[in-house]
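The structure appears below as structure tokens.
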Ligand code: FAD
Ligand code: NAI
């Protein structure tokens, strides 16, 4: 059977790309080996946010007395939370399947193996069945990185060490949890397990948590979590995992941390091997598929979108990249830009950022002005966050007064940040943005307050 487009992988890049292609009239086949919805819907964005919402309810209730609300006997019922998570995942993945059907996309469940090219197109095999695609969209995503740390493979095999693939279905809350890697997954999962009652220790080899987020915000987040009982070991590199502990090197000393379970969250690697990319000569550089701004690989008609290109491993990036690929396939000129992609860490409080941080701007040698405002300038924030330490920082180009970046730590930040993204994407100056009317009272007004500080 010949298709206009074969999509390999049914995660955000794959399913959205297939939906858009179907809608645009391309005869489209989507092949998925494990779960429609990919990592995001099954073991990523959605499961984590479902668990974190339950933790947030508990945290709010525990703090209720500050707001004149008291309750007793508050606790996490982990099996109920996991059950609810499974229902949310099912509802969403069923929705994706229905949408694919509506757009006329054929779905095949199985492992896709690319097997060269004929005059009709690229050959993709699933078991004994062969399909031909005039075009391919590679959307095979990513998998947890497993560094060569002594004892790690054994720990993963025995179930002592978990990755994000397994952590959502852990049956009981461990009494103690060591998280290797203080990046996004580590922080979000530490947040849940801390609220659920685990003694959590985060081991991070850098001198700060949260990767590329604003350093002051990283410090505030760390302080918030230290106050909740999470222990941080920074500048500490994990060198060994034993049957019941993690060993790290801190200031040249070997430090052993005993734990009931370990979460490994030290980054993700694009899935580029084992499915025949080499049979059609797709270029892989540093473990990721090399793409241009239209999503094209070095091979005509072969596109790649999402985590597999390793540019920005986020679901919303995957969506937009897939859209760009399909638009170019059907002759609508489109290109991907990465300057205004928001990132959010769904801790409590949330962290959100778009564009440049103060540090990234300096690293690039940009001449910028930075405004740094306490969230307490927002009436709604003050009403809802007793003693909150949230801040909002805006980075502006000194000469042109164009807005280059916004970072914030405060709840609702996840829902506010896209507004700042629009300002950056549309290359707005401070004066342009001042004309935007914000609803009052909302936490979003902090962005407007920042504008008037320049
Ligand atoms: P994937 O979702 O990885 O999908 C790839 C699919 O391809 C998989 O279903 C896989 O089974 C399939 N596949 C691979 N090889 C083959 C083959 N040979 N044949 C057939 N099928 C194949 N991002 C956010 O933006 N916000 C968040 O809040 C967020 N939270 C996250 C939380 C966690 C714990 C994790 C792990 C990730 C999170 N992410 C989040 C990242 C997000 O999940 C990814 O960026 C997103 O899933 C990437 O989409 P994708 O389509 O590129 O790849
Ligand atoms: P990450 O790259 O965010 O963080 C990994 C951390 O591990 C880094 O801080 C790194 O310095 C540290 N590290 C590496 N090796 C170490 C060692 N041996 N010892 C101690 N620390 C070590 O990766 P993470 O958290 O695994 O997440 C992967 C990706 O998934 C993210 O980059 C993001 O793209 C995506 N994601 C997005 C989320 C969101 O948008 N809210 C949530 C979760 C994941």
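The values are calculated or read from the model by the stated rules, or taken from the named source; none is laboratory data. No experiment lies behind these values; they were computed from the predicted model shown. Virtual Cβ from ideal backbone geometry, glycine too; neighbours counted across all protein chains shown.
Say we look at segment 406-454 and pick out the residues that are within 19 Å of the chain's Cα centre (by Cα) and under 19 Å from residue 361 (Cβ atoms); which of these is surrounded by the fewest Cβ atoms within 10 Å (Cβ to Cβ)? Of everything passing the filter in segment 406-454, 421 is surrounded by the fewest Cβ atoms within 10 Å (Cβ to Cβ). If I go through segment 23-52 residue by residue, how many of them are crowded, with 24+ Cβ neighbours inside 10 Å, in a helix (DSSP H, G or I) and over 22 Å from the mean Cα position of the chain (by Cα)? Residues that pass the stated criteria total 0.
Please enumerate the residues belonging to segment 93-145 that are surrounded by fewer than 17 Cβ atoms within 10 Å (Cβ to Cβ), within 21 Å of residue 44 (Cβ to Cβ) and touching a residue at least 12 places away in the same chain (Cβ under 8 Å). The answer is 97, 99, 109, 111, 143, 145. In the set 262, 239, only one residue is touching a residue at least 24 places away in the same chain (Cβ under 8 Å) and within 16 Å of ligand 1 (Cβ to nearest atom); that residue is 262.
Quick check on my filter: what residues within segment 323-354 are in a helix (DSSP H, G or I) and within 16 Å of ligand 1 (Cβ to nearest atom)? Of everything in segment 323-354, those that are in a helix (DSSP H, G or I) and within 16 Å of ligand 1 (Cβ to nearest atom) turn out to be 323, 324, 325, 326.
Flag not set for residue 167, criterion: in contact with a helix residue (DSSP H, G or I) (Cβ under 8 Å, 6 or more places away or on another chain) and more than 16 Å from ligand 2 (Cβ to nearest atom). Of the strands (runs of 3 or more DSSP E) contained entirely in segment 173-268, those carrying at least 1 residues that are surrounded by fewer than 19 Cβ atoms within 10 Å (Cβ to Cβ) fall at 176-180, 199-203, 231-233, 236-241, 245-250, 253-258. In segment 314-336, the residues that are at pLDDT below 95 form no Cβ pair under 7 Å with any partner that is surrounded by fewer than 17 Cβ atoms within 10 Å (Cβ to Cβ), whether six or more places apart or across chains.
Counting the residues of segment 266-298 that are more than 14 Å from residue 313 (Cα to Cα) and within 16 Å of ligand 2 (Cβ to nearest atom) gives 1. Considering 340, 361, the condition of being touching a residue at least 40 places away in the same chain (Cβ under 8 Å), buried (at least 19 other Cβ atoms within 10 Å of the Cβ) and within 16 Å of ligand 2 (Cβ to nearest atom) is satisfied by 340 alone.
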